[in-house]
Amino acid sequence: MRAAGEVREELLGMLEERYGERVRERWYSDPFHVLVACILSQRTREENTEKASRALLSVAPTPERLSSLPLPRIRRLIRGVGLAGQKARNLKRTARLLLERYGGRVPETREALMELPGVGPKTADVVLCYGLGKPAVPVDTHVNRISKRLGLVREGAGLEEVRETLQRLFPVEKWHLLNRGMVLFGREICLPRHPRCGQCPLRGCPSRVRK
């Protein structure tokens, strides 16, 4: 099996060549909007998340507006997502906490974000990375899958172990390329089922060798 350092360098080179320009486009957005979208995205298909996010944020683009909306209206606006009732409550409580604790701003630390209702480690990391432009490695299904297929992380590792391992293996200035690039690569080539190994440019992938 190849050393982790060799796999790391090949992966970074491929991600830079294939996705570098797309990754370097303006990639962070309004942190409150990212936070809302992340809470809505849990256990929900991407297209339903986007539809619900647009509907809700068109009416309540700020914590002030969201906190003033009645719960039934929030539920109606996000009705296409899973667990809509629970998410509506979490969103309203989160908006109120942002106003009470942070003057309507989204907090800028992982610990503070994870104190908000409905915010776990992945959501906190996504907000840090894509909402605040801070270094973080959000571990979604693509990052988790590819890391294990490449042998960068042990097969039985949990999401926090995956995150900690990747942050240790890769320099901080490459974290955004790593996350965004792996997400794109996971959607296009390294699919969950029937990965397109014949199109994969990573010659040393252990999973590819076994096929």
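Of the helices (runs of 4 or more DSSP H) lying entirely inside the stretch 72-126, those containing at least 2 residues that are farther than 24 Å from residue 160 by Cα and hydrophobic (A, V, I, L, M, F, W, C) are 84-102.
Filtering 121, 135, 117 for residues that are of a type outside the set (Phe, Trp, Tyr), more than 19 Å from residue 42 (Cα to Cα), surrounded by fewer than 21 Cβ atoms within 10 Å (Cβ to Cβ) and within 18 Å of the chain's Cα centre (by Cα) leaves a single hit, 135.
Do we have any residue at all in the stretch 43-61 that's within 30 Å of residue 171 (Cβ to Cβ) and of a type outside the set (A, V, I, L, M, F, W, C)?
yes
If you go through the stretch 139-193 and keep only what is of a type in the set (A, V, I, L, M), surrounded by 19 or more Cβ atoms within 10 Å (Cβ to Cβ), free of Cβ contacts under 8 Å to residues at least 60 places away in the same chain and not in a helix (DSSP H, G or I), you end up with 139, 153.
Filtering the stretch 149-164 to residues that are touching a Ser or Thr at 6+ places or on another chain (Cβ under 6 Å) and within 20 Å of residue 193 (Cα to Cα) leaves 149, 153. Give the residue, chosen from 203, 163, 208, 180, that is closer than 21 Å to residue 9 by Cβ and modelled with pLDDT of 95 or more. From the options 203, 163, 208, 180, the qualifying one is 163.
The values are calculated or read from the model by the stated rules, or taken from the named source; none is laboratory data. Note that the structure is predicted; figures quoted are calculated from it, not measured. Here the Cβ is made from the backbone with ideal geometry for all residues, glycine too, and neighbour counts use every protein chain on show.
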